[in-house]
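The values are calculated or read from the model by the stated rules, or taken from the named source; none is laboratory data. Just so it is clear, the structure is predicted and the values come from calculations on it, not from any experiment. Glycine also receives a Cβ, built like all others from the backbone with ideal geometry; neighbour counts cover every protein chain displayed.
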Amino acid sequence: MARVALVTGGTRGIGAAISKALQEAGHSVAASYAGNDQAAAAFSDETGIKTYKWDVADFDACAAGVARVEADLGPVDVLVNNAGITKDGMFHRMTKDQWYGVINTNLNSLFNMTRPVWEGMRSRKFGRVICISSINGQKGQTGQVNYAASKAGDIGFVKALSLEGARAGITVNAICPGYIATEMVKAIDPAVVEKSILPHIPVGRLGEPEEIARGVVFLASEGAGFITGSTLSINGGQYMV
């Protein structure tokens, strides 16, 4: 059944792949973004997916953004909390700005985005909330204390909220990608990828954004109604839980 799906950070990288895959699955998709107007316009021109600009770290902006989406497309039944940033640095040199910037965007955004759609999902007795966490939220990573903490928090959010949504027909799940061939990863020195990253991935390659998107489409489907509070690790066998 076609639903209205909202994807945060949905115009680039993994988010763009998720938005496209949900559209291909028949959903009406809205994609939010924070700042890159040119990329958002190009994405919308390519796909026909409506884009909306707001900061997921701002609760009032999220509430207003959700209201705009629902006015245009209808009630949001599928929410993909994908937006995220990195501000890496060793902890003994990490600034308050690096810490709170990442926590606000990667973790507090889950409250900011999910709260405005939650009551509607409860009243309609259907909802799918899918949070994109990270392998580094599962295992930690040097130089990413802020990022790992935020992504581990995403998993805790999912586990607790899933219990509250279960009887209302709402599932809440997490996906933890490993190293995916996005612009950010492709910017790493190829020699570093070959020497320091690929040897730790048993399948011997980077993942593709579309592989994360297929996981989202499944968790968003009617057929995934008995899966909630779960974490789907899509990492090529790099880290097993």
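Structure notes:
- Unique residue being buried (at least 19 other Cβ atoms within 10 Å of the Cβ), within 22 Å of Glu211 (Cα to Cα), modelled with pLDDT of 95 or more and not polar (S, T, N, Q) when the list is Val66, Val56, Val76, Val29: Val29
- Selection of segment 109-159 for residues being among the polar types (S, T, N, Q), in contact with a Leu (Cβ under 7 Å, 6 or more places away or on another chain) and farther than 16 Å from Val80 by Cβ yields only Ser150.
- Subset of segment 187-207 that is part of a loop (DSSP other than H, G, I, E, B) and surrounded by 15 or more Cβ atoms within 10 Å (Cβ to Cβ) - its residue that is farthest from the chain's Cα centre (by Cα): Ile201
- Qualifying residues in segment 1-19 (those that are assigned to a helix (DSSP H, G or I) and among the β-branched types (Val, Ile, Thr)) - the one surrounded by the most Cβ atoms within 10 Å (Cβ to Cβ): Ile18
- Verdict on Ala213 being in a helix (DSSP H, G or I), at pLDDT 95 or above, out of contact with any Ser or Thr (no Cβ under 6 Å at 6 or more places or on another chain) and within 17 Å of Val7 (Cα to Cα): yes
- Screening Gln144 against (1) surrounded by fewer than 17 Cβ atoms within 10 Å (Cβ to Cβ); (2) free of Cβ contacts under 8 Å to residues at least 60 places away in the same chain leaves a single unmet condition, (1).
- Failed item, numbered, when Phe218 is tested on (1) surrounded by fewer than 18 Cβ atoms within 10 Å (Cβ to Cβ); (2) in contact (Cβ under 8 Å) with a residue 40 or more places away in the chain; (3) assigned to a helix (DSSP H, G or I); (4) not polar (S, T, N, Q): (2)
- Per the conditions (1) assigned to a loop (DSSP other than H, G, I, E, B); (2) touching a Ser or Thr at 6+ places or on another chain (Cβ under 8 Å); (3) without any contact (Cβ under 8 Å) to a residue 60 or more places away in the chain, the sole criterion not satisfied by Val172 is (1).
- In segment 56-68, the residues that are in contact (Cβ under 8 Å) with a residue 60 or more places away in the chain reach residues that are in a helix (DSSP H, G or I) with C-beta atoms within less than 9 angstrom, at least six apart or across chains, in these pairs: Val66/Met113; Val66/Pro116; Val66/Val117.
- Scanning segment 121-140 for residues that are out of contact with any strand residue (DSSP E or B) (no Cβ under 8 Å at 6 or more places or on another chain) and either buried (at least 24 other Cβ atoms within 10 Å of the Cβ) or not charged (D, E, K, R) (or both) yields Ser123, Asn136, Gly140.
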